[in-house]
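Reading through the structure tokens given below for one structure.
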Amino acid sequence: MPLGPDPRSIHPVPAHPRIVFLKPLIDDPKIEIGDYTYYDDPENARLFASRNVLHHYDFLGDTLRIGRFCAIATGVRFIMNGANHALTGFSTFPFNIFGGGWEEGFDVGTITAGLRGDTVVGNDVWIGAEAVILPGVTIGDGAVIGAFSVVAKDVAPYTIVAGNPAVERRRRFSPDVTERLVRVAWWNWPIARITKNLAAIRGADIDALERAD
């Protein structure tokens, strides 16, 4: 039985090199990507790590984690903690990075005091074009982020958010169905089981999905 595209392939749709699976493409230990998560960009798809994950510096230790089966549209950007400026004093200007004596007396603690931790995207998340995800945000499984949104706070599973700042527009399903979907976690099934049960995954009958074998 065919089991879908090879998750190790960078270009899973050969006729469309604008679509890339990110896991086999990225070798940065600070970025963790699940199988089948893809990025779509007609010009710079293979440069996701450098063009779309910004201010991501080794010495800060924060991680970007994205789950399986996520769809990331053109121009989505993840702003990491390295974009932070000191807020503990009167000026936010980063004097220290310019040297020439301005680095003397700099306390890195003024930067780390404002860090917000890892950025985490769940599974089966759709992020629309040009959306911006700010540091330390957690986006739950099954969420949808509207195009051009700025996500500054956590997004609950199966919630649609949009705007600047992004706010909840609606829940995709009832609380009961959402809880059951998170519990089923079809994205963690073996790929043969996923392939066999695509009709239930694509459908909207939670009972059928829970009965899938």
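Structure values in brief
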read-out: Selection within the stretch 122-138 - out of contact with any helix residue (DSSP H, G or I) (no Cβ under 9 Å at 6 or more places or on another chain), of a type in the set (A, V, I, L, M, F, W, C) and part of a loop (DSSP other than H, G, I, E, B); value: Val125, Ala129, Ala131, Val137
read-out: Members of the stretch 192-213 that are part of a helix (DSSP H, G or I) and either surrounded by 15 or more Cβ atoms within 10 Å (Cβ to Cβ) or touching an Asp or Glu at 6+ places or on another chain (Cβ under 8 Å) (or both); value: Arg193, Ile194, Lys196, Ala200, Ile201, Ile206, Leu209
read-out: Filter result for the condition that a residue is buried (at least 18 other Cβ atoms within 10 Å of the Cβ), part of a helix (DSSP H, G or I) and of a type in the set (Ser, Thr, Tyr), over Thr110, Thr178; value: Thr178
read-out: Test: residue in the stretch 60-74 that is basic (Lys, Arg), more than 18 Å from Asn123 (Cα to Cα) and surrounded by fewer than 18 Cβ atoms within 10 Å (Cβ to Cβ); value: no
read-out: Matching residues in the stretch 93-102 - criterion: being surrounded by 12 or more Cβ atoms within 10 Å (Cβ to Cβ) and not in a helix (DSSP H, G or I); value: Phe93, Pro94, Trp102
read-out: Which numbered condition Asp154 fails, given (1) of a type in the set (D, E, K, R); (2) out of contact with any strand residue (DSSP E or B) (no Cβ under 8 Å at 6 or more places or on another chain); (3) under 21 Å from Arg65 (Cβ atoms); value: (2)
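Read the figures in this text as sums done on the coordinates, not as results from a lab. Source: prediction; values computed, not measured. Note: ideal-geometry Cβ built from the backbone for every residue, glycine included; neighbour counts use all protein chains shown.
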